[in-house]
Amino acid sequence: PGFSPAFAAFSFGAPHFKGMSQYGAYGRAKSGQSAEDILKAYYGGIEIKKDYDTGKQIGVAGFGRMDIETYTKRIYEVPNTWGDNGGFEALKAQAVAARTYALAWTREGTGGNICTDQGCQVYKNSNKGGKWEEAVNATKGWVLQKDGKLIKPWYASTSGGYQESYDALSYREDGSHYNTPSLWDTPSGRGGWTSQAYEKTGGSPWFY
């Protein structure tokens with residue numbers, strides 16, 4: 001810049017680098033991966049249970065109790081437009097993560113209310129509709145488990161092409177633990193960063 005000393009800073013958004021990258025999931029979907037492929041890439045050796053109780057009631061801060069499917073239809077985390085641009089499988093993956101996260105946060109409806117902002121998940125008290133509702137319906141009753149226990153599936157918009165491991169069962173009080181994988185979020189590992197990063201394929205405005 002013509003003066004010294006000079007300093008520069010850059011950011012990949014405001015990430016925690018753990019769990020699923022939303023723009024990475026979009027990039028993976030655009031590359032042909034299914035929702036199940038996406039979820040297993042980010043959360044590792046989990047099981048996708050497809051017959052969870054759709055009538056399970058949870059508490060939502062400020063809005064009382066509602067069944068988990070109604071709640072999930074009112075999550076405003078990713079754009080509906082992704083579903084029309086090759087990203088429907090990413091919407092499905094997000095729906096499964098959001099549903100599971102709410103159940104884990106509330107200890108399946110027995111442990112208090114989930115908040116309605118980015119501290120938990122962005123909830124608005126009306127159905128989002130469109131491709132999001134289609135994705136929720138397409139994954140009705142799907143949740144993420146490890147050894148029969150719901151994981152807490154973290155996610156964030158953008159991580160810069162690398163995901164760190166975290167203990168997805170640490171919220172439990174029974175001593176359970178499960179560490180998700182750490183990975184370079186590209187088709188070819190570290191060698192594909194940054195040119196092949198799935199977040200770049202997904203067009204993240206925060207990917208640097």
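The values are calculated or read from the model by the stated rules, or taken from the named source; none is laboratory data. Remember, predicted model here, so these are calculated numbers, not experimental data. Heads up, the Cβs are rebuilt from the backbone with ideal geometry, glycines too, and the neighbour counts pull from every protein chain shown. These area figures cover heavy atoms from the full protein model, side chains too; ligands, DNA and RNA do not enter into them. Shrake-Rupley method; radii C 1.70, N 1.55, O 1.52, S 1.80 Å.
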Practice problem: Describe numerically, in nm with one decimal, the distance between label points set 7 Å from Cα along Cα→Cβ at Asn127 and at Gln145. | Solution: 2.8
Quiz prompt | Most fluctuating residue given options Ala61, Ala35, Ala104, as computed from a GNM of the chain linking Cα atoms under 10 Å | solution = Ala61
Exercise. Skip the ligands, DNA and RNA, and give the accessible area per residue of the stretch 45-198 with a 1.4 Å probe, whole Å².
Key: 42
Quiz prompt | Rounded percent of accessible protein surface that carbon and sulfur make up, the chain, 1.4 Å probe | solution = 48
Practice problem: Select one label from [x] 45, 17, 15; [y] 29, 19, 18; [z] 32, 21, 16: the one whose number is semi-axes √(5λ) of the Cα gyration tensor in Å as derived from the coordinates shown. | Solution: [y]
Quiz item: Top to bottom by accessible area (1.4 Å), largest first, where do Tyr208, Tyr26, Tyr43 land?
Solution: Tyr208, Tyr26, Tyr43
Self-check item: Sparsely packed GluC sites (Glu not before Pro) within the stretch 142-208, loop by DSSP, other Cβ within 10 Å at most 16
Solution: Glu173
Quiz prompt | Eligible lysines near Lys124 by straight Cα distance, threshold 18 Å, same-chain separation 8 or greater | solution = Lys73
